[in-house]
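Report on the structure given below.
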Amino acid sequence: MHPEIFKLPDDFLKGVFLLSGLGGFSIAWYGVLITMGVMIGAVLATRIAERRGLNTNLLSDMVFWSVVWGVIGARLGYVLTSPSNFRFTSQDTIFSWLGKIGNIREGGLSIHGGVILGVIVLLYYARRYRINFYQYVDLYAPGLALGIIGGRLGNFFNGADTIGRLTTLPIGWTFPDISSDILGIFQADRNWAGMPGLCKLPSGEVIVTPICQVAETIRGPVHLTQVYGIFIGVILLIAIFYWLRSRRPGWVFWNTLLWYSVMRAGVEETFRLNPLSWKVYENTDIGIGFFTTTQLFSIPLIIICIVMLQRIKNQPEQPWEGVPEPKPDPKNLISSTAAEPPAI
């Protein structure tokens, strides 16, 4: 378990190309797993579109641009809901601060932010090409669930990324000691940045010392919210393939958004170590808290989803757009013609 698939030595490019300051390039599991989920989702969407007679070439363009803008929206959503992680300090320059905001290789994407900008792209395509928005957006649901699964697995590889609250429940899990050789990931200070109780300077720098790292109270036991998120993605994926049997466009999209918001706000976010924007209840023994920014945002979103699903439920089933009408059987056509009396 390590956050990086591979990493070039710091002096690699210097030795090969006689360039300095360009070493240390690495590829992280977090990005690779999300990308794999999106790609598999795109293949599934294309196959479903073919069976439904939809425009697969147009769908490919829509997938590409919605993913590009979806990543931007997901990062912006995370930055806006976690402002304490992106404060501009006296040690920052404008370029280092922007680089900190744009660095998604160590985690930090908001699913809701990605969905919002991705949907805006689809609305643009639907308006420009006069297509049924819901018939296409429903096909994105499997990729969204797969992306959630890959992202949360990548969060776990990143260590304290999306870490859970400390808990006395038996399901709590204690992270290995930072000096342990069991999991090499934890020997990097940056992977401890989300742990509760660490000494963190105003600049954002994390100090890992025996004084700051107080035995089990710092490393755990904590809720494995990353694993909770993986289970949410699996449950959502199974449900999506059931919802895809519906012939009411929009049924899959709004159900996916509804149940992800419910499970994210009610299960994952409740046990996740996020600041409480509106502190209504907190139990430090069990490790739960209400309400985080994501939970507050989910409340109106859940209401909107319920209203839209009720409207869609009252609509009649529709044939898929572009599906050709069945052609008559030539044998039946001949027999029916022969049976007709001759014209006088």
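With no solvent and one point per C-alpha, what does the Debye sum give as log10 I(q)/I(0) for segment 248-310 at q = 0.29 Å⁻¹? So the normalised log intensities are -1.15. Using only Cα atoms, locate the centre of segment 272-312 and the centre of segment 111-172, then give the distance between them in Å, rounded to an integer. Comparing the Cα centres of segment 272-312 and segment 111-172, I get a distance of 17 Å.
Between Ile171 and Gln318, residue separation times 0.36 nm minus the direct Cα-Cα distance comes to 48.3 nm.
Distant-in-sequence amide contacts of Ile288, defined by a placed amide H-H separation under 5 Å and a gap of 5 or more residues or a different chain, comprise Asn283. Out of every Cα-Cα pair that segment 100-150 contains, those further apart than 15 angstrom amount to 57 percent. Using the Cβ of Thr46 as centre and a radius below 15 Å, the other residues enclosed give a net charge of 0, where K and R count +1 and D and E count -1.
No value in this document is a laboratory result; all are computed from the given coordinates. Keep in mind the model is a prediction, meaning the values are calculated, not measured. As a convention, Cβ positions derive from the backbone with ideal geometry for all residues, glycine included, and neighbour counts pool all protein chains shown.
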